[in-house]
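Colleague: Just passing along the structure, written as structure tokens.
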Amino acid sequence: MDKEHIVIGSRRSKLALWQTHHVIGLLEQAYPGITTEVKIISTRGDEVLDKSLPMIGGKGVFTEALESALLASEVDIAVHSLKDLPTIDATGLTVGAVPKRADVRDVLISRDGHTLDTLPQAAVIGTSSLRRSSQLLAHRPDIKTIDIRGNVPTRIEKAQDPAGPYDAILLANAGVTRLGLIAHVSETIPTEVMLPAPGQGAMGVQCRDEAASLAMLSVINDVNAQVTAMAERAFLRTLEAGCSAPVAAHAMWTDGTLKLSGRLLQVDGSSVIEVEQSIALAHDDVDAPTRGDALGVALAQAAFEQGASAILGTIR
């Protein structure tokens with residue numbers, strides 16, 4: 001990779017561009033004098049808006065086109081919301097950096113200012129995520145969930161339409177905050193009620209699996225974000241559930257302990273598997289990413305021991 005000029009692949013949405021320019025800022029700070037160019041790439045998830053994500057493939061719908069551009073050397077790096085990126089690297093590609101992570105929680109946006117517990121009986125909630133809808137139904141079985149597509153500002157506009165079908169919608173706090181739209185939030189949902197998607201709140205900077213690219217991106221990598229997000233993704237990868245399945249995970253790395261919590265649900269919220277494990281892990285441990293990955297694998301195995309295969313079978 002030419003360190004003097006970098007071409008970055010990005011989706012067109014406001015959130016994708018915010019994340020891309022954030023990464024550009026980090027690179028410019030680390031490498032004064034570099035020049036950058038943003039190449040907009042349209043993905044299947046951007047183009048097909050009249051179907052739910054699982055119906056159009058789920059896995060890779062927001063990332064495949066960017067990965068193709070990387071493999072063709074049309075771009076040097078690509079910036080993703082890490083939760084959208086498949087947990088198994090495409091051949092020849094890797095995640096070169098995970099910058100500092102934002103709030104992992106989900107938020108409720110209600111036109112009437114309701115919280116999750118004050119929503120009226122049989123309220124209608126918009127979400128395109130089976131993970132969110134299943135956890136919502138586990139907490140409030142009376143609620144009805146319907147699909148909602150579009151970028152973050154579009155979804156918020158739909159949520160606030162008095163003639164619209166939604167009493168509220170669910171979104172990731174990170175995206176809402178990054179776009180300066182936090183004033184619309186009615187409630188930040190605690191992780192006890194709704195665990196995040198693996199990697200939620202984190203950005204993944206993807207590159208070709210080359211020494212020069214990896215060395216350059218290493219300076220913008222946040223080890224805490226990398227280890228926690230990768231532990232969560234290892235849990236999802238080992239379950240082989242796919243990024244659109246009702247699987248949630250949250251890792252916290254503090255005071256020399258890495259704790260990972262995982263959750264797998266039936267789509268209707270009627271059955272929930274909860275697992276949690278911790279390991280002692282120092283922040284200066286050079287094997288921290290590998291050990292975090294191993295923790296995710298171990299947690300998934302614990303979920304299998306509690307019957308995860310039966311739930312996953314019904315989902316598939």
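Okay, residues lined up against (1) modelled with pLDDT of 95 or more; (2) within 15 Å of the chain's Cα centre (by Cα):
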position: K3; (1), (2): no, no
position: I6; (1), (2): yes, no
position: R12; (1), (2): no, no
position: H21; (1), (2): yes, no
position: I40; (1), (2): yes, no
position: V79; (1), (2): yes, yes
position: L85; (1), (2): no, yes
position: L93; (1), (2): yes, no
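Colleague: Looking only at segment 145-166, count how many residues are open to solvent by less than 60 Å² (accessible area, probe 1.4 Å), within 11 Å of S13 (Cβ to Cβ) and outside any helix (DSSP H, G or I).
Modeller: Residues that pass the stated criteria total 1.
Colleague: Restricting to segment 149-198, count the residues that are among the hydrophobic types (A, V, I, L, M, F, W, C) and under 23 Å from A249 (Cα atoms). Walk me through it before giving the result.
Modeller: Kept after step one, since they are among the hydrophobic types (A, V, I, L, M, F, W, C), are these residues of segment 149-198: 152, 156, 159, 163, 168-172, 174, 176, 179, 181-183, 185, 189, 193-195, 197.
Next, only the ones that are under 23 Å from A249 (Cα atoms) stay: 152, 169-172, 174, 176, 185, 189, 193-195, 197.
The qualifying residues number 13.
Colleague: Okay, moving on. Got a sec? Which of A163, A172 is aliphatic (A, V, I, L, M) and under 27 Å from E64 (Cβ atoms)? Break it down stepwise before answering.
Modeller: Working: A163 fails: under 27 Å from E64 (Cβ atoms).
The unique qualifying residue is A172.
Colleague: For segment 1-43, give me each residue that is in a strand (DSSP E or B), over 29 Å from T154 (Cα atoms) and open to solvent by less than 60 Å² (accessible area, probe 1.4 Å).
Modeller: Within segment 1-43, the first condition is being in a strand (DSSP E or B), and the residues that meet it are 5-10, 35-40.
Still in the list and also over 29 Å from T154 (Cα atoms): 5-6, 35.
Within segment 1-43, I6 is the sole residue that qualifies.
Colleague: For segment 228-249, name all the residues that are surrounded by fewer than 24 Cβ atoms within 10 Å (Cβ to Cβ) and either part of a strand (DSSP E or B) or not small (G, A, S) (or both).
Modeller: Matches in segment 228-249: R237, T238, E240.
The values are calculated or read from the model by the stated rules, or taken from the named source; none is laboratory data. Every value quoted in this text rests on a predicted model; they were computed, and no experiment measured them. With ideal geometry, Cβ positions are generated from the backbone for all residues, glycine too; neighbour counts draw on all protein chains shown. What goes into the accessible areas is simple: the full protein's heavy atoms, side chains included, and nothing from ligands, DNA or RNA. Shrake-Rupley method; radii C 1.70, N 1.55, O 1.52, S 1.80 Å.
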